[in-house]
Amino acid sequence: MHEMALAESILEVVEQAARAQQCTRVTAIRLEIGTLAGIEVSALRFGLEVVLAHSLAREARLDIDTLEGEGWCMRCSQNVPLKALYDPCPSCGGYQIQPLRGTEMRVKEILAL
Ligand SMILES: [Zn+2]
């Protein structure tokens with residue numbers, strides 16, 4: 001389950017950040033997930049609940065922002081919104097689209113005490 005592995009790597013990032021700031025308790029974690037990243041948010045939330053339960057982030061609030069996907073359509077020569085990878089262009093119906101935005105997942109902010 002790829003969301004579980006992802007949750008574990010997020011925990012690592014959070015723990016490192018907390019250690020670097022000499023904090024003992026993480027109060028909030030904000031993630032940004034692109035709609036084209038192929039991540040199922042509910043599965044990731046579940047995975048995080050499991051891995052954070054015994055960490056210094058066990059009481060942390062979890063905020064997940066979604067980043068809408070966007071691609072470059074070669075036929076239209078313009079940026080177009082993209083709901084999923086390999087979707088056709090909403091203007092011309094073509095498939096020659098280069099994803100530009102929304103394929104990433106990152107830890108945006110960590111609040112710790
Ligand atoms: Zn197009």
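Full extension of the chain between E32 and V13 yields a length gain of 5.4 nm, computed as 0.36 nm times the residue separation minus the alpha carbon distance.
Of the accessible area of the stretch 16-113, computed with a 1.4 Å probe over protein heavy atoms only, carbon and sulfur atoms account for 48 percent. Rounded to the nearest 20 debye, the dipole size of the chain about its Cα centre is 160 debye, using +1 on the Cβ of Lys and Arg and -1 on the Cβ of Asp and Glu. Taking the square roots of five times each eigenvalue of the Cα gyration tensor of the chain, the equivalent ellipsoid has semi-axes of 35, 13, 9 Å, listed largest first. Our summary gives the chain a relative contact order of 36 percent, counting only alpha carbon pairs under 8 angstrom and 6 or more residues apart. The residue list C92, G47, V14 was ranked by how far each Cα lies along the charge dipole of the stretch 1-103 toward its positive end, using unit charges on Cβ atoms, and C92 comes out on top. For the stretch 56-113, relative contact order (Cα pairs under 8 Å, six or more residues apart, normalised by length) works out to 31 percent. Heavy-atom accessible surface of the chain, averaged per residue, reaches 61 Å², computed with a 1.4 Å probe. For the chain, the longest principal axis of the alpha carbon atoms and the long axis of helix 41-52 meet at an angle near 20°.
With a cut-off of 13 Å on the backbone N, the residues of the stretch 85-113 near the modelled label site 7 Å out from C23 along Cα-Cβ are 108-113.
Annotation: peptides 29-41, 62-74, ranked by per-residue average of other Cβ atoms within 10 Å with the highest first, follow the order 29-41, 62-74. Compared with the dominant principal axis of the Cα atoms in the chain, helix 2-20 is inclined by about 50°. Using just its DSSP H runs of length 4 or more, each adding -39500 (n - 2.57), the chain gives a mean residue ellipticity at 222 nm of -9000 deg cm²/dmol after division by all residues.
The values are calculated or read from the model by the stated rules, or taken from the named source; none is laboratory data. Remember, predicted model here, so these are calculated numbers, not experimental data. Cβ sites come from the backbone with ideal geometry, for glycine too, and all protein chains shown count toward neighbours. Please note that ligands, DNA and RNA were not included when accessible areas were found on the heavy atoms of the full protein model with its side chains. Shrake-Rupley method; radii C 1.70, N 1.55, O 1.52, S 1.80 Å.
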